[in-house]
Amino acid sequence: MIYAVAAFAILLTMGLALARALIGPTIYDRILAINMFGTKTVLVIAVFAFISGRTDILDIALIYALISFIGVVAVLKLVEQGNFHAPSEEEDDREWPTKW
């Protein structure tokens, strides 16, 4: 019973995070809401693993947490820089050939 209440509370906060992602006034609010949604997804997977008694599902939760973290870092880098590859100073100083 207590685990069902915990799962319901986590699902409720996931719904609130989705609302924040849709309504958020800035892009950073939306990214934070998506990050929170990913964290709550890991918690739901962990609660499900505990309720069902299958500890092998916790591996899936850990992998999902890593993928979520890498995805959020990549999106933040894209928002900040406008691209995934920022040229270094050495690349900026090089002169490109005009003819090949």
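Points to keep in mind about this one:
- Over segment 7-83, relative contact order from alpha-carbon pairs under 8 Å, at least 6 apart, %: 26 percent
- For the pair ILE57 and MET1 in one chain, pulling the backbone fully straight at 0.36 nm per residue adds 18.1 nm over the alpha carbon distance.
- Under a 5 Å amide H cut-off, with hydrogens placed 1.01 Å from N, GLY24 pairs with nothing among residues at least 5 apart or on other chains.
- Kirkwood Rh and Cα Rg combined as Rg over Rh, evaluated for segment 7-83: 1.06
- A dipole drawn for segment 7-83 from +1 and -1 charges on Cβ atoms has a positive end, and of ILE23, SER68, ALA7 the residue lying farthest that way is ILE23.
A short reminder: the numbers here are calculations on the coordinates, not readings from a lab. All of these numbers come straight from a predicted model, not from anything done at the bench. All Cβ positions, glycine included, derive from the backbone under ideal geometry; neighbour counts span all protein chains shown.
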